[in-house]
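Read the structure below first, then the notes.
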Amino acid sequence: MDGLKLGLDLCDGYTKLSCLGQDKLWAFPTVVCRKKEEDVWLIGEDAYASALMGDGVIVDKLLKLVKKDGTSTISGIKYRGVEILVRFLERVLMLPLEEMTGDEKSRGPGAWVEQLVITVSEVEARLLDCLMYCGDYLQIPRDRLHVISHTEGFLYYVLNQKREMWNNQVGMFDLSEEGLFYYEMKVQRGMRNVTVVAEKEKLDEGFSLDVLNAPSGMKLADKILCACGERFLQKKLFSSVFLAGKGFENQDWAPEFMKLVCARRRVFVEPALFAQGAALRAMDLTSGKTSYPYVMICDGRLDTTVCVNVFHQDKENQLVLAAAGDSWYESKSTVDFILDNQNYLEFSIIPLGSKNTKTVKMVLEGFPQRDDKTVRVQTQVGFLDEKTMAVVVKDMGFGEFFPSTGAVLRQEVMI
């Protein structure tokens, strides 16, 4: 069988899995249950049913548990949050094969997942590390597992639509158990490339979906959304507006908001938009050439370019260590430099769309000072988040003549 391209929207409330090629979508509560008498794990509604029968112990809010490095005791066994999350994901990833048999199923996800893209509300280092650990446990190679933000999933979904749907601004309201969010995407056309910028805002007016169970709650929720719609949509030209999340699976409770948002605008309802956007990203990763040749700026991606001035073949050039639009979590580079009568490295930090370049000088205290270009250093650059660059510099010595002193310097740089 061909490898599966999967997009997984992972939240504390609900999880949604989209499988391209099978045109299937699974949606279920993000809960897991271990049976009391045997090492069997259930997820979603099956987990709730087992807990109600009294033969299982349920665990919910898995992402919150992982982020705080919490634990849960089940049948006398203490499990770390990441250990519970990996069992949840193992069951989730078996869903596309539930009605299939064969060797691929028996060998687990690593045998048949060609690309898995997980989208989460916030791209945080702790959660990312745990998801990568889960991938390792499930034998999914690192180059086949990627994590993106909801904002990036929104970008991929929208950019996959016809161009007239995103020529101008695109807005989106996302209503789910996580709250009420507004997203906006803008296209900036330059001389060399097209830059797409998306932003997200969590709205203080958010409300629990439980209020929609009563007529009075529906009326109040409709009024709240109307106020938000007037604030974000008025006096702007939109190519399209999307409504996402469990709250918009049915729109009968919001007649006034729907009247407002649909006035002279194209409106589309897609409750599983993030999962489908992640699946489109998974599909793109399997192709030789990207279908999205844009610089994307959003949560989880850098909005600055980091480079250093170097001399190569007697010409001064800028060596790019990280570029605007790169995923900060995946952006890593290692370069060796030979210093020419200087005891520092100088980084240029260039914000996208700005001429205000910031220069950061990293003085190499404790490193040897030698003449005639005989100081060689290895520079490793990575990121702790979108705004924090971590730089590690090591003295590599210079052949047999000047062995390494073992000097190492680590510095965090705010970009």
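The values are calculated or read from the model by the stated rules, or taken from the named source; none is laboratory data. What you see is a predicted model; the values in this text were computed from it and never measured. Cβ sites come from the backbone with ideal geometry, for glycine too, and all protein chains shown count toward neighbours. Accessible surface areas use protein heavy atoms only, side chains included; no ligands, DNA or RNA. Shrake-Rupley method; radii C 1.70, N 1.55, O 1.52, S 1.80 Å.
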Given the structure, is Leu95 of a type outside the set (Asp, Glu), at pLDDT below 95, closer than 30 Å to Ala244 by Cα and assigned to a helix (DSSP H, G or I)?
yes
Go through the stretch 281-290 and report how many residues are at pLDDT 95 or above and either surrounded by 23 or more Cβ atoms within 10 Å (Cβ to Cβ) or of a type in the set (D, E, K, R) (or both).
3
Against the condition within 21 Å of Glu164 (Cβ to Cβ), in contact (Cβ under 8 Å) with a residue 40 or more places away in the chain and open to solvent by 70 Å² or more (accessible area, probe 1.4 Å), how does Leu243 come out, does it pass?
no
Of the residues Phe238, Phe242, which single one is farther than 19 Å from Gly153 by Cβ and of a type in the set (Phe, Trp, Tyr)?
Phe238
Of the conditions (1) assigned to a loop (DSSP other than H, G, I, E, B); (2) at negative phi, Leu212 clears all except one; give me its number.
(1)
Looking at Glu205, Glu270, can you tell me which residue is out of contact with any Pro (no Cβ under 8 Å at 6 or more places or on another chain) and in contact (Cβ under 8 Å) with a residue 40 or more places away in the chain?
Glu270
Hey, among Val147, Val196, which residue is in contact (Cβ under 8 Å) with a residue 24 or more places away in the chain, surrounded by 17 or more Cβ atoms within 10 Å (Cβ to Cβ), more than 22 Å from Val92 (Cβ to Cβ) and not basic (Lys, Arg)?
Val196
Is it true that some residue in the stretch 195-215 is touching a strand residue (DSSP E or B) at 6+ places or on another chain (Cβ under 6 Å), modelled with pLDDT of 95 or more and over 21 Å from Val158 (Cα atoms)?
yes
Name the residues in the stretch 359-402 that are surrounded by fewer than 17 Cβ atoms within 10 Å (Cβ to Cβ), farther than 12 Å from Tyr344 by Cα and modelled with pLDDT under 90, would you?
Arg370, Asp371, Asp372, Lys373, Thr374, Gly399, Glu400, Phe401, Phe402
Can you work out which of the residues in the stretch 320-342 that are open to solvent by less than 60 Å² (accessible area, probe 1.4 Å) and part of a strand (DSSP E or B) is farthest from Tyr294 (Cα to Cα)?
Leu339
Grab the strands (runs of 3 or more DSSP E) fully contained in the stretch 17-75, keeping just those with 1 or more residues being open to solvent by 60 Å² or more (accessible area, probe 1.4 Å), over 23 Å from Glu177 (Cβ atoms) and without any contact (Cβ under 8 Å) to a residue 12 or more places away in the chain.
71-74
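Within the stretch 180-193, can you find the residues that are touching a Leu at 6+ places or on another chain (Cβ under 8 Å) and surrounded by fewer than 18 Cβ atoms within 10 Å (Cβ to Cβ)?
Within the stretch 180-193, the first condition is being touching a Leu at 6+ places or on another chain (Cβ under 8 Å), and the residues that meet it are 180-182, 185.
Within the stretch 180-193, no residue meets the criteria.
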Restricting the first residue to the stretch 401-415 and requiring it to be free of Cβ contacts under 8 Å to residues at least 40 places away in the same chain, which pairs with a second residue that is part of a loop (DSSP other than H, G, I, E, B) and open to solvent by 60 Å² or more (accessible area, probe 1.4 Å) meet a Cβ separation below 9 Å and a spacing of at least six or different chains?
Ser404/Met396; Thr405/Gly366; Val408/Gly366; Met414/Lys387
Could you say which residue among Cys226, Cys262 is over 21 Å from the mean Cα position of the chain (by Cα) and either more than 27 Å from Lys16 (Cβ to Cβ) or open to solvent by less than 10 Å² (accessible area, probe 1.4 Å) (or both)?
Cys226
